[in-house]
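Asker: Please read through the structure below; I'll follow up with questions.
Quick note: the coordinates plus some simple rules give every number you see, no bench work behind them. Small disclaimer: the values here were computed from a predicted structure and weren't measured. Neighbour counts are summed over all protein chains in view; Cβ atoms, including those assigned to glycine, are modelled from backbone coordinates with ideal geometry.
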Amino acid sequence: MRLPCPICGPRDSREFIYRGTALDRPAPDAGTEAWEEYLHLRDNPAGPIREFWYHHAGCTAWIEVTRNTATHEISDAVLAGGEGAA
Amino acid sequence: MRFSAARILKEGLTGNRGWRPHWRSPEPKPDYDIIIVGGGGHGLATAYYLARTHGLTNIAVLEKGYLGGGNVGRNTTIVRANYAMPGNTEFYSHSLKLWEGLEQDLNYNVMHSQRGVINLFHSDGQRDYAVRRANAMLIQGDDAIILDRDGVRRMLPYLDHDNARFPIYGGLYHPRGGTARHDAVAWGFARGADMRGVDLIQNCEVTGIDIEHGRVTGVQTTRGPIRAKKIGLAAAGRSSQVAAMAGLRLPIESNILQAFVTEGLKPVIDNVVTFGMGHFYISQSDKGGLVFGGDLDYYASYAARGNLPAAEHVMEAGMALMPMIGKAKVLRSWGGIVDMTPDGSPIIDKAPVDGLYLNCGWCYGGFKATPGSGHTFAHLIATDTPHEAAAGLRLDRFASGIGLMDEEGTGSQHNLH
């Protein structure tokens, strides 16, 4: 599997570390339920998912990838926190 | 139809014309007391023990494909009870005891072979942890022996003992661990459940769970609606999709775990050997194939096949541990969809919907749990109280932080295990 890094272009997935589902971090005082949702509970879809990958052996950017978990097809990859990111 | 040596002799002398299918293929009835979603090892075992232990037989097991076509047919067949954390130790100990009487109980040959499991260690720190784990196993009443360098050398002469990076310091030997014939386990439980009147319904995918006033009333399926008073979910890697039908989100991410088999060879590996530092473990099937695997593919996936980096890593680790296997040709590889929880340990608990029960989160360890899981899940469904051996497998441990079972001591967070 190759991931299209917005900075480096298509790169071998071994250059990246998977950092899990892209979720909005709750406020520190958001309460137990919000943190339980953020830390543990997952939609875990068999289909498109937005997730973080860290390009540790490349440009060291965090990227937000839209990938289909059933086919591994990648439809989008943007810099995390940048334009188009969640 | 009972199996026995006399029966085999009789059938052999009369042209093998007396054998019959091991289970029926009934049409679904409109109404059951209990529906089990998922006709894999855990679902079939649950139905078996509901009938066998609790005398409940108005039960259907609904399977979207064929019986035993999921992870019970896609694992590396290892059976062991060598856990360290409270919650896990008593559960897997309970399961191993059921394994030891399983063939007689089922009247079915599951080829359970207690050939021993050896976990290798490669440093003083790892030895300390192995001793701590061995003590936990002994306190639980199971067996554990610490092997020193020479002990491992005598038992497993074919390893690269003086590997420059990971020299072998010794091993944690669990003699009662071993392997079993994975498909036969599913078949044996299916036959045992069917004989007691459980309806095993294949090609029947659950498409909805009906809930009225906070209580389950039945399921929608590709073969029509079926009513039920209680519903147990045992859908392994697809647990999140099934639970979502009841409006639940689970602490689960589905990942791929690969396994590999070589061509058949003469007997060479007598035990199960695990090489934790390289993420590699191996045994030899009764057919002669070397069966081995390693770590997850490490990202969410339902592809049911592996990616090459993980395969390459497993091969490299295997070569590092036992260079001789480089001559064996890998015949096939496959991937199973495993339901990973944040702490790497399973869940058997009531769902926050009345009449709905969860059996999920088996990570990479579901096969050895099959009888224990079925037995304790049946107890929970039948009595509405957790079985004492599975009381630690709670759904709320992630939110509360109480009773987490992260065996590797890495914490409770997705993508760590």
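Asker: Just in segment B:1-68: which trypsin sites (Lys or Arg not before Pro) are loop by DSSP and have at most 10 other Cβ atoms within 10 Å?
Answerer: Counting only loop positions with at most 10 other Cβ atoms within 10 Å, the trypsin sites (Lys or Arg not before Pro) in segment B:1-68 are B:R2, B:R17.
Asker: Taking R0 as 25 Å, what's the FRET efficiency between B:A6 and B:T53 from their Cβ-Cβ distance, rounded to 0.05?
Answerer: Efficiency, rounded to the nearest 0.05: 0.30.
Asker: Suppose we keep just the DSSP beta bridges with both residues in the protein assembly as shown; what percent of those would be antiparallel, to 5? Spell out each step's value before the answer.
Answerer: On the way: 66 of 86 bridges.
Approximately 75 percent, going by the DSSP bridge assignments.
Asker: Continuing with the same structure: Enumerate the amide H contacts of A:A61 below 5 Å, restricted to partners 5 or more residues apart or on another chain; note that Pro and chain-start residues carry no placed amide H.
Answerer: Residues meeting the criterion, in which the H sits 1.01 Å from N, are A:H55.
Asker: So for the pair A:Y54, B:Q220, with labels modelled 7 Å out along Cα→Cβ, what separation do we get in nm?
Answerer: 4.3
Asker: Given N residues in segment B:1-130, what is Rg(Cα) / (2.2 N^0.38 Å)?
Answerer: 1.39
Asker: How many angstrom separate the Cα center of segment B:269-289 from the Cα center of segment A:18-86?
Answerer: When both Cα centres are located, 36 Å separates them.
Asker: I would also like to ask the following. Taking a point 7 angstrom from the Cα of A:I74 along the C-beta vector, which residues in segment A:1-36 have backbone N less than 19 Å away?
Answerer: Residues A:1-23 fall inside that zone.
Asker: Equivalent-ellipsoid semi-axes (√(5λ), Cα gyration tensor) for segment B:219-348, whole Å, largest first?
Answerer: With the √(5λ) rule applied to segment B:219-348, the semi-axes are 36, 16, 13 Å.
Asker: Let me ask something else about it. Does the protein assembly as shown come out rounded, prolate or oblate, given a ≥ b ≥ c as the square roots of the eigenvalues of its C-alpha gyration tensor, rounded meaning a/c under 1.5 and, failing that, prolate meaning a/b above b/c?
Answerer: oblate
Asker: Test of understanding: express the Cα radius of gyration of segment B:211-251 as a ratio to 2.2 N^0.38 Å, with N the residue count. Before the final figure, lay out the partial values.
Answerer: Working: Rg = 10.7 Å, N = 41, 2.2 N^0.38 = 9.0 Å.
It is 1.19.
Asker: Moving on to the next point. If I fit a long axis through the Cα atoms of helix B:370-383 and take the longest principal axis of the Cα atoms of chain B, what angle between them do I get, 0 to 90°, rounded to 10?
Answerer: Long axis of B:370-383 versus the principal axis of chain B: about 30 degrees.
Asker: Now a separate question. For B:H213, B:H387, B:H279, B:H174, which order do you get if you count the other beta carbons within 10 Å of each Cβ and list the fewest first?
Answerer: Least to most surrounded, the residues fall as B:H213, B:H279, B:H387, B:H174.
Asker: Sticking with this structure for a sec: Based on alpha-carbon centroids, what's the gap between segment B:180-214 and segment B:89-127 in Å, whole number please?
Answerer: Computed from Cα coordinates, the inter-centre distance equals 25 Å.
Asker: Counting only Cα, what are the radius of gyration and maximum Cα-Cα distance Dmax of segment A:2-79, in Å?
Answerer: For segment A:2-79, the Cα radius of gyration and maximum Cα-Cα distance read 13.8, 40 Å.
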